[in-house]
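Quick notes on the structure that follows.
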Amino acid sequence: MDRFEFHRAKDPADAFRWSEASRERTGGGSYIAGGTNLVDYMTLDVMRPSVLIDINDLRHAYGRIERMSDRLRLGALVRMSEAEDDPVIHRDCPVLHQSLAQAASRQIRNVASLGGNVLQRTRCEYFRETSWPCNKRNPGSGCAALGGVCRQHAVLGTSEHCIAAYAGDFGQALIALDATLETLDGSSGRRRRMPFADLHRLPGDSPHLETTLHPGELITFIEVPMAPWLYRSRYIKIRDRQSYQFALASAAVALDMDGETVREARIALGGVTTVPWRAREAEAYLRGKALDEAAAAEAARIAFSTARAQPQNAFKVILGQRTLIRALRETAQIEIGR
């Protein structure tokens, strides 16, 4: 691990000052909350921030969960385990609770923040190993996963420059539920709101640029609308082993039903995509239809109609479709009592 400076920010203005100073002096620093992703890559020499800015003292402002009449407001510095254990989330937001409970290990969830979780790097073993070329780690060097070992890699949203799969679970639930982010921009001092769906960038020809955040910008809150489909929702995660493993395929589904007919469907896919992925064409197909086995199968086919697989991960197309069919079927069977 390279040498670095460490500063503890007292308030947002303090954090922004250190962030700006680090960019002027050394080309950039990094905010750190739980550090479960960042410290890992620092020890592997994959990421080398010259300055770390600890933002945990901002928890008094951004470390609470608020249930409002029309939305759920989550501070970006709420720990994953705190949100997982929150009784309102557990009762009213099944897909959020399940996506948190199945992520990483309880030890990691005890220290990892919600904001940090959605900003975790999209990566693969070639990103983690500095002896291999990786456009995400070293732009223009090539993608070793193409033609290499790629069983874990994405089949949706890929490019010839990167096929790494987004590893998070919570992000799939957020994009399915039309979540919104509130951020604070240090350079302008302005707050802005954006759909969570606008946070992550597809790899395209610049996979090293993963989000649309400005330099020094902080995520402060995550808001989830209390919509009718929130209560009938489910997160299914398929992995090689039941604990502490990234998804091979996952599906976050939320449904608003009129009997057996779908009023509205919200579908997100994980494990098979380069970013949190909303399957909008599949949602549109289901709207107004009875959710039987045939409709679920057709929605799954539509969701993966643009998949581009490599020989080693072609199984993910079928696995992803079956995961989505299961998620749709199980979500439709949830009894609503509130």
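Taking into account only those residues within region 34-45 that are part of a helix (DSSP H, G or I) and among the hydroxyl-bearing types (Ser, Thr, Tyr), which is surrounded by the most Cβ atoms within 10 Å (Cβ to Cβ)?
Filtering first and then ranking leaves Tyr41.
Is region 125-145 home to any residue that is touching a helix residue (DSSP H, G or I) at 6+ places or on another chain (Cβ under 8 Å), among the basic types (Lys, Arg) and either surrounded by 23 or more Cβ atoms within 10 Å (Cβ to Cβ) or assigned to a loop (DSSP other than H, G, I, E, B) (or both)?
Looking through region 125-145, at least one residue is touching a helix residue (DSSP H, G or I) at 6+ places or on another chain (Cβ under 8 Å), among the basic types (Lys, Arg) and either surrounded by 23 or more Cβ atoms within 10 Å (Cβ to Cβ) or assigned to a loop (DSSP other than H, G, I, E, B) (or both).
Any chance you could count how many residues in region 232-279 are over 17 Å from the mean Cα position of the chain (by Cα) and surrounded by fewer than 22 Cβ atoms within 10 Å (Cβ to Cβ)?
The total comes to 13.
Within region 1-30, how many residues are assigned to a helix (DSSP H, G or I) and surrounded by 17 or more Cβ atoms within 10 Å (Cβ to Cβ)?
6
Yes or no, residue by residue, for (1) of a type in the set (A, V, I, L, M, F, W, C); (2) under 24 Å from Glu281 (Cβ atoms); (3) in the same structural domain as Ile32 (by TED's automatic domain parsing); (4) under 19 Å from the mean Cα position of the chain (by Cα):
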position: Arg91; (1), (2), (3), (4): no, no, no, no
position: Val111; (1), (2), (3), (4): yes, no, no, yes
position: Cys124; (1), (2), (3), (4): yes, no, no, yes
position: Ser141; (1), (2), (3), (4): no, no, no, no
position: Thr158; (1), (2), (3), (4): no, yes, no, yes
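Out of the residues in region 301-331 that are under 14 Å from Glu283 (Cα atoms) and of a type in the set (Gly, Ala, Ser), which is surrounded by the fewest Cβ atoms within 10 Å (Cβ to Cβ)?
Once the filter is applied, the top-ranked residue is Ser305.
Table: residues versus (1) under 30 Å from Glu264 (Cα atoms); (2) outside any strand (DSSP E or B); (3) touching a helix residue (DSSP H, G or I) at 6+ places or on another chain (Cβ under 8 Å); (4) among the polar types (S, T, N, Q).
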{"site": "Ala173", "(1), (2), (3), (4)": "yes, yes, yes, no"}
{"site": "Thr183", "(1), (2), (3), (4)": "yes, no, no, yes"}
{"site": "Gly186", "(1), (2), (3), (4)": "no, yes, yes, no"}
{"site": "Arg192", "(1), (2), (3), (4)": "yes, no, no, no"}
{"site": "Asp205", "(1), (2), (3), (4)": "no, yes, no, no"}
{"site": "His214", "(1), (2), (3), (4)": "no, yes, no, no"}
{"site": "Trp229", "(1), (2), (3), (4)": "yes, yes, no, no"}
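Does Gly271 count as among the small types (Gly, Ala, Ser) and assigned by TED's automatic domain parsing to the domain that holds Arg106?
No.
A quick yes/no check of all residues on (1) in a loop (DSSP other than H, G, I, E, B); (2) hydroxyl-bearing (Ser, Thr, Tyr); (3) touching a strand residue (DSSP E or B) at 6+ places or on another chain (Cβ under 7 Å):
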residue: Leu269; (1), (2), (3): no, no, yes
residue: Ala282; (1), (2), (3): no, no, yes
residue: Glu298; (1), (2), (3): no, no, no
residue: Ile302; (1), (2), (3): no, no, no
residue: Gln312; (1), (2), (3): yes, no, no
residue: Gly320; (1), (2), (3): no, no, yes
residue: Ala327; (1), (2), (3): no, no, yes
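Can you tell me which residues in region 46-64 are part of a helix (DSSP H, G or I) and either within 23 Å of the chain's Cα centre (by Cα) or touching a residue at least 60 places away in the same chain (Cβ under 8 Å) (or both)?
Residues satisfying the conditions are Asn56, Leu58, Arg59, Ala61, Tyr62.
The values are calculated or read from the model by the stated rules, or taken from the named source; none is laboratory data. From a predicted model like this one, the values you see are computed outputs, not experimental measurements. Every residue, glycine as well, gets a Cβ built from its backbone with ideal geometry; the counts of neighbours run over all protein chains shown.
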